[in-house]
Amino acid sequence: MPELRRDPVVGRWVIISTERGGRPNQFKAPAAEEEGLPGGEKCPFCEGNESMTPPEIYALRKPGSVRNGPGWEVRVIPSISPLLQIEGNLDRHGHGMYDLMNARGAHEIVIDTPKHLKEYELSRDQFTKSMNVAIDRIVDLEKDPGIKYVLIFRNYGQAAGGGHIKHARMQLIGTPVNLKRVKEELVGAKRYYEYKDRCIYCDIIKQELSSAKRVMAESKHFIAIAPFAARFPFETWILPKEHSCDFYRIDRAKVPDLADLTQLVYLKIKKAIGDFPYNFVLHTAPFRRDLHKKGYWDTIGRDYHWHFELLPILTRVAGFEWGSAFYINPLAPEDACKAVSEVTG
Amino acid sequence: MNELRRDPITGRWNIVVLDKIADLSDFKSEPHPKDPQGCRFCYGNENDMPEIIAHRKYGPPNSPGWTVRVLPNKYPALRIEGELIKEGLGVFDMMTGVGAHEVIIDTPDHFRDMADLSYAEMEEVVWAYLARSIDLRRDKRFKYILIFKNYGESAGASLEHPHSQLIALPIVPKIVQEEIDGASKYFDYKERCVFCDMLRQEQMEKERIIYDGRYFTAFCPYVSRFSYEIWILPKKHQSDFALLQRDCVSCLAKALRDCLARMKGLLGDPSYNFIIHSSPINGHDREDYHWHIEIMPKLTKIAGFEWGSGFYINPVPPEIAAKNLLSVKLVEK
């Protein structure tokens, strides 16, 4: 019998329909994609090709190197075709019954490494450095009162909307509005807290640790779980074990541990199904500058818990899913977990 | 500079790209191979699965001669038999996967998708949707009926033969619930239906309308999430698709067929999805909700940004989409 499962935070129902033939070995990553640099075209993200990109916003540099030249370890540049732009003022207005504003915000690319490597080929040290740079960028963008939220994400592989150049990088988008998906989580978490006086994510972590059926991997400070109401085969969330709502306030001493666990989860799934396309997204609390305003998310510190979501793109999401936010997942998260642990022994 | 537009129903903000508007040449349609060899939905294979209902020109049930045929899905996501059991597992909730999953074969012709059907053929498909909606709502276990179509592999279709699907659910899907909540909030504030207000503004501006019939209007919504997204709404307020009056069926068929034909004419047979959003079963004819059809061509890849944020990027402003769609010359059938 198929099962309907409800995401405890946002209330989204998912059909876990293993009867449609959901065996883990059915989910194979698509055949390796060609690296799309035809005819000796140069990768704009590699060291030495700095002139191919817009001038850098920030870079972690070796002593003695100069801006927009080689000698960097992590480099942040504006997006070549930015969706939101940092210049100008935010202009909100109405158009009849509709509301709109100009797209003021930030859109940056964080290049993880000067070498032409894929995300999972990064060393622990390099991954840690690039994560630290991303955190520095959020800290900097918080100073801009027009930005309410900073979204960090990776798109890897063409099915996931990744570019044809396979040089490890992440994108960072600062928006002038709170994002709907995150807001849903904030509302759900707040409701749970009002009822139980506990953080829902902390409760989920406790329950997953005691049942152990959906724990993908664990490190000293972080845990990776296959969520109970997973939308996609091999969907995985990475959460800090200790309660915290703001990713950018993370104790920097814990970043290497986070880098380790993230790499481990990725490599485990890769071993089970091959080089898979995925999206990797950070969900964290929005900036809270108006805390003095009554009722303005003043409980977030207690009720919300930041996390990363790793979403492998292995199944086609059909109209049914788009139009209803009601997903059919042909692989139970317990089976995904089992498959991953079997492969790695 | 690009624009952020807010959906007046759900409050979702989307980015409409104005800096670098996508060209028609930016969208490449995937091929739609058509090989009727071994197709379970073509004439002569009716024994594969007994029909629930069919509209026929000749012949007894489960034989050739039908024009539209409704079957149970061979690989159902939900099962019709069984009791609806709800239980909690600590912090989690679940229920048994009870529901109906049916396939509507749009036409016996393996080679013509909906965009190529005649108005009369399309009308029969709408009749089948309506008949199944009315029948399934009597089952007290169900709260919602979803009718949708996936065309093309990238839209999630696993079979070539033109078909639509129906799923009856014991819960209300999240997006529909959000629409209902948003529409009800708007109604509390204005005492008007938000969809009726949208129709009024679209009629006034006439910038995004692509079909304007006696009973139905189709337009590219101001806050389109996808390039060339189209919505079809009944002009007169109505919350539930199953309450559609008989004399409106032909107008709906014409609207849907024309929208799909315009899309095909302009974009070269793109993969697409459409879905009927209606109010939940057991609801009365509510003042605050308005049923409609959402058509979503699959032209761009949805990336992590959209998944993680619920914040969509649309590279074609709906005003331009509507203008381009209207430029297509239609063949009246």
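Points worth noting:
- For region A:131-139, the criterion of a residue being in a strand (DSSP E or B) and among the small types (Gly, Ala, Ser) is satisfied by no position.
- Restricting B:145, B:80, B:85 to residues that are more than 9 Å from every other protein chain (Cβ to nearest Cβ), of a type in the set (Val, Ile, Thr) and over 28 Å from residue A:316 (Cα atoms) narrows the list to B:85.
- Residue in region A:94-112 that is of a type in the set (Asp, Glu) and surrounded by fewer than 17 Cβ atoms within 10 Å (Cβ to Cβ) present: no
- Strands (runs of 3 or more DSSP E) enclosed by region B:1-103 - at least 2 residues per element that are in contact with a helix residue (DSSP H, G or I) (Cβ under 9 Å, 6 or more places away or on another chain): B:13-16, B:53-56, B:66-72
- Close pairs (9 angstrom Cβ cut-off, 6 or more residues apart or separate chains): free of Cβ contacts under 8 Å to residues at least 60 places away in the same chain and within 14 Å of chain B (Cβ to nearest Cβ) in region A:139-156, surrounded by fewer than 16 Cβ atoms within 10 Å (Cβ to Cβ) and among the basic types (Lys, Arg) anywhere: none
- Among the residues making up region A:171-224, those that are among the polar types (S, T, N, Q) and farther than 30 Å from residue A:75 by Cβ are A:207, A:210, A:211.
- Within region A:184-193, none of the residues are assigned to a loop (DSSP other than H, G, I, E, B), out of contact with any helix residue (DSSP H, G or I) (no Cβ under 8 Å at 6 or more places or on another chain) and not aromatic (Phe, Trp, Tyr).
- Qualifying positions in region A:180-198 - without any contact (Cβ under 8 Å) to a residue 40 or more places away in the chain and within 7 Å of chain B (Cβ to nearest Cβ): A:180
- Evaluation of residue A:201 against the conditions (1) crowded, with 20+ Cβ neighbours inside 10 Å; (2) away from chain B (no Cβ under 12 Å); (3) assigned to a helix (DSSP H, G or I) shows that the sole unmet condition is (2).
- Answer residue from region B:171-217, given it is in a loop (DSSP other than H, G, I, E, B) and of a type in the set (Asp, Glu) and is nearest to the other protein chains (Cβ to nearest Cβ) among those: B:207
- Some residue of region A:270-280 being away from every other protein chain (no Cβ under 14 Å), touching a residue at least 40 places away in the same chain (Cβ under 8 Å), outside any helix (DSSP H, G or I) and more than 25 Å from residue B:93 (Cβ to Cβ): yes
- Candidate set: region A:46-88, residues that are of a type outside the set (D, E, K, R), out of contact with any strand residue (DSSP E or B) (no Cβ under 7 Å at 6 or more places or on another chain) and closer than 21 Å to residue A:147 by Cβ; chosen: the one farthest from the other protein chains (Cβ to nearest Cβ): A:55
- Taking the numbered list (1) surrounded by fewer than 24 Cβ atoms within 10 Å (Cβ to Cβ); (2) more than 14 Å from every other protein chain (Cβ to nearest Cβ); (3) in a loop (DSSP other than H, G, I, E, B) in turn, residue B:316 passes all entries but (1).
All of the numbers you see were taken from the coordinates with simple rules; none came from a lab. Owing to the predicted nature of the structure, the values given are computational and were not obtained by experimental measurement. Glycine gets a Cβ as well: all are built from the backbone with ideal geometry, and neighbour counts include every protein chain shown.
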